[in-house]
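Undergrad: First the structure, which I've put down as structure tokens, then a few questions once you've had a look.
What follows draws every value from the coordinates through simple rules; no lab data is involved. None of these values were measured; they are calculated from a predicted model. So basically every Cβ, Gly included, is an ideal-geometry build from the backbone, and we count neighbours across all protein chains shown.
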Amino acid sequence: MKKRTLVLAITLVLFYVTFASAQYPILDMIANKVVQKYQSATCEQLWQERAHKKPPTQEQQNAIQLLRNDAQMRAEFINKVAAPVANKMFECGMIP
């Protein structure tokens, strides 16, 4: 009986994790793109980009507006990108 309960619990956890990650597939693509950009950029590239800040594209503006309007989606996005971006910025001396 305990084995069945354990198997059921593991199945439910896996189902929840799978569903949660599939809830925002476009958000996952955007977050992965942001993380990849920071992980593949050199510190010099990030400093130059910061110095020559360009206005966001229409696609970026749409994504930003979507995140502003949906707190749950915004939290999911920040949870995905915060650590990798902050680590890279720390390595590059962009944050103390």
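Undergrad: For the stretch 25-91, what class follows from the C-alpha gyration tensor (a ≥ b ≥ c being the square roots of its eigenvalues): rounded when a/c is under 1.5, otherwise prolate if a/b is larger than b/c, else oblate?
TA: Because a/c hits 1.5 or more and a/b fails to exceed b/c, the stretch 25-91 counts as oblate.
Undergrad: Would you list I30, I95 from fewest to most Cβ contacts within 10 Å?
TA: Placing the least packed residue first, the sequence is I95, I30.
Undergrad: Could you check the spin-label model distance between K37 and A71? Points 7 Å from the Cα along Cα→Cβ, value in nm.
TA: The modelled label-to-label distance comes out at 2.7 nm.
Undergrad: On to the next question. Relative to the present Cα-Cα distance, how much length would full extension add between N62 and W47 at 0.36 nm per residue of separation?
TA: Separation in residues times 0.36 nm, less the Cα-Cα distance, equals 2.9 nm.
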